[in-house]
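So the structure is just underneath, and the comments pick up after that.
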Amino acid sequence: MNKKAFITGISGQDGSYLAEYLLSRDYKVYGIVRRHSIAEHQDSRLENAYKNPNLECEYGDLLDTSSLERSMKSIKPDEIYNLAAQSHVRISYDMPQFTIQTNAVGVLNMLEAYRQNCPSAKFYQASSSEMFGDSVDKDEFQRETTAMTPVSPYGCSKVFAYNIIRNYRKAYNLFASNGILFNHESPRRGANFVSTKVIKAAVRIKLGLQDKLELGNMDAYRDWGHSKDYVRAMNMVLNHEKPDDFVISTMKTHSVRDMCEYVFAKLELNYEDYVVQNPKYLRAEELPYLKGDSTKARTTLGWEPEYTFETLMDDMIDHWMKHHE
Ligand code: NAP
Ligand code: G4F
């Protein structure tokens, strides 16, 4: 019989790639989507997945426990991927209560619905490198053992979720795992994250549709990978012999400035002629540096990324070029 997977956040960047990946591996995939006032935007990232009859979505929300319980009771999934979140770090300063409700209490709601209705399922939690905050090991990496000192409401919410997963794993003997994923992007990345913002603007400048790009902190470093590689890792985490926590990263870091330099140069432009700083995009507290050590996932799960920073950028540039042409 086909395995059944349940995905929260299925309409997001990772959820949509994960749905496609699992469908290609003959899973029956279920997801919940929230009610949107513009219904036609709801499924834009799921266009490909919906071509497969093995995908079913229903309305639900991490804050609506009745919808979660109904799904767990009726579907009885084999694998649960909890990807739903208010996932924007700067916006978590504008909406701290909603961020904590969804990313922390919402995870507890999901865990309870799972524990009470289908405890033999495996549960994946979308944990984040933002949990490390300003902690860095002496060798300049963050890894599973690095202290967590989050520097944003988003980071704090994800630390709660990470810890409650570990608590439920032990207390109730559940197969509940954390994937601690470093930044990952794709053509489906939301427009207000830095990668899409830089690439879309550079393409529009190249085509004469825009004349400048306003950014916040250009000296922040991130370890950027491709979402397609990272959803593959999520599935490997749940198919490992025991529940555990894994860092997923490329093990390389670049600054926002490096990103601008690469993207504009690829389009035969000099970023210094177009990029200006706007304090509006600075954060109340910035996380200056991320570089993940994913040795554990590579040696234990056999996971390796296929994309590099450069091929990720190229994929996104191609996408936005085609979109504007
Ligand atoms: P995303 O594109 O922002 O997708 C988030 C998804 O969560 C959307 O489908 C959104 O639905 C849904 N959602 C938000 N609030 C919800 C709620 N209260 N109930 C149900 N669904 C809700 O994020 P992503 O990049 O795919 O990231 C997926 C997960 O990985 C998130 O938990 C994120 O925090 C985590 N993560 C991401 C990265 C990264 O670099 N991408 C790194 C580490 C961890 P709407 O469309 O209706 O808002
Ligand atoms: O693209 P970002 O907004 O991603 P950020 O804050 O690192 O968060 C992402 O990665 C986390 C994993 O580490 C995820 F958990 C989280 O859900 C999300 O997917 O910003 C990246 C860097 C930051 O240092 C930011 O200050 O880019 C800097 N930046 C500079 N100018 C900007 C801008 N970020 C945004 N969004 N917009 C700017 O104009």
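Points worth noting:
- Only one of D219, D258, D245 that is at pLDDT 95 or above, surrounded by fewer than 23 Cβ atoms within 10 Å (Cβ to Cβ) and more than 14 Å from ligand 2 (Cβ to nearest atom): D245
- Exactly one residue out of D14, D26, D61, D43 is open to solvent by 10 Å² or more (accessible area, probe 1.4 Å), within 16 Å of ligand 2 (Cβ to nearest atom) and of a type in the set (D, E): that is D14.
- Condition check for P150: in contact with a Lys or Arg (Cβ under 8 Å, 6 or more places away or on another chain), open to solvent by 20 Å² or more (accessible area, probe 1.4 Å), more than 12 Å from ligand 1 (Cβ to nearest atom) and without any contact (Cβ under 8 Å) to a residue 24 or more places away in the chain: yes
- Residue list for the range 44-64, restricted to those being under 23 Å from the mean Cα position of the chain (by Cα) and more than 10 Å from ligand 1 (Cβ to nearest atom): E47, N48, A49, Y50, L55, E56, C57, E58
- Verdict on A113 being touching a residue at least 12 places away in the same chain (Cβ under 8 Å) and assigned to a loop (DSSP other than H, G, I, E, B): no
- Hits in the range 102-147 - residues which are under 17 Å from A220 (Cα atoms) and within 12 Å of ligand 1 (Cβ to nearest atom): S128, S129, E130, M131, F132
- Residue count for the range 277-304 satisfying the condition of being touching a Leu at 6+ places or on another chain (Cβ under 9 Å) and either within 23 Å of K242 (Cβ to Cβ) or open to solvent by less than 60 Å² (accessible area, probe 1.4 Å) (or both): 2.
- Residue under evaluation D219, criteria (1) away from ligand 1 (no atom under 13 Å from the Cβ); (2) free of Cβ contacts under 8 Å to residues at least 40 places away in the same chain, criterion not met: (2)
- Matching option when the condition is away from ligand 2 (no atom under 11 Å from the Cβ) and of a type in the set (D, E), among E272, E286: E272
The values are calculated or read from the model by the stated rules, or taken from the named source; none is laboratory data. Since this is a predicted model, take the numbers as computed values, not measurements. Note: ideal-geometry Cβ built from the backbone for every residue, glycine included; neighbour counts use all protein chains shown. Surface areas here come from the heavy atoms of the whole protein model, side chains and all, with no ligands, DNA or RNA. Shrake-Rupley method; radii C 1.70, N 1.55, O 1.52, S 1.80 Å.
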